[in-house]
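Novice: The following block contains the structure, expressed as structure tokens.
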Amino acid sequence: MFKLKKEYTEYENKSLRLPKDLISKVQQLANENDLSFNKVVIQCIEYALNHTEDNNAEN
């Protein structure tokens with residue numbers, strides 16, 4: 001299950017263009033969990049990458 005966490009230490013800037021509806025959904029999730037938009041995006045990407053690797057290992 002996907003659970004949000006609040007800590008990260010090192011960052012590097014990277015610009016992304018995202019669909020407006022996706023931005024709204026992520027911002028809502030961030031607001032509901034008292035997190036920044038950036039932290040939610042990081043965790044969503046990590047979750048997707050971890051599950052993609054798991055799926056590739058099973059095939």
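Novice: From the residues in segment 3-22 that are surrounded by 10 or more Cβ atoms within 10 Å (Cβ to Cβ) and closer than 13 Å to residue 39 by Cα, which one is modelled with the lowest pLDDT?
Specialist: Checked segment 3-22; the qualifying residue modelled with the lowest pLDDT is 8.
Novice: Looking at segment 6-20, I want the residues that are within 21 Å of residue 31 (Cα to Cα) and have a partner that is assigned to a loop (DSSP other than H, G, I, E, B) with Cβ atoms under 9 Å, at least 6 apart or on another chain. Which pairs are those?
Specialist: Taking only residues 6 or more apart or on different chains, the pairs are 6/33; 6/34; 6/35.
Novice: Being more than 18 Å from residue 1 (Cβ to Cβ) and part of a helix (DSSP H, G or I) is the filter; apply it to segment 31-51 and report the residue that is farthest from the chain's Cα centre (by Cα).
Specialist: Taking the candidates together, the pick is 31.
The values are calculated or read from the model by the stated rules, or taken from the named source; none is laboratory data. Predicted model only: the values in this text are computed from it and were never measured. As a convention, Cβ positions derive from the backbone with ideal geometry for all residues, glycine included, and neighbour counts pool all protein chains shown.
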